[in-house]
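Written below as structure tokens is the structure these notes are about.
Each reported figure results from applying straightforward, stated rules to the coordinates on display, with no laboratory input. Given the structure is predicted, the values throughout are model-derived calculations rather than measurements. Using ideal geometry, Cβ is built from the backbone for each residue, glycine included, and neighbour counts are taken over all protein chains shown.
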Amino acid sequence: MKHIPIYIATLIFAFSCAEKPPQIKTGDLLFQVGAESAMSRAITAATQSDSTLNFTHVGIAIATSGADSVLEATSDGGVLIVTLETFL
């Protein structure tokens, strides 16, 4: 009986250490790394980036209960709100 509180505490500790997925909040910036294209080369040239990871697109998260979306500017459709799944 003396060991039951120790077992319970161990279980609580083990579950609290589990990795949790990141929580997206409204206003978070979501960056994309695009495929090599004329546009991505232009962005890299304009930002003078020496990094091997060049961001080519950004969106703003809109977190709502159950349906997360992203506000993004596109070259062909203007400013759109798309689902998070579509953006990713």
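Okay, here's what the table says:
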{"read-out": "Segment residue 88-residue 29, extension gain: residue separation times 0.36 nm, minus the distance between their alpha carbons", "value": "20.0 nm"}
{"read-out": "Label-point separation, residue 12 to residue 75 (7 Å along Cα→Cβ), nm", "value": "5.6 nm"}
{"read-out": "Neighbourhood charge, 12 Å Cβ-Cβ cut-off, centred on residue 59 and excluding it, Lys, Arg +1 and Asp, Glu -1", "value": "-3"}
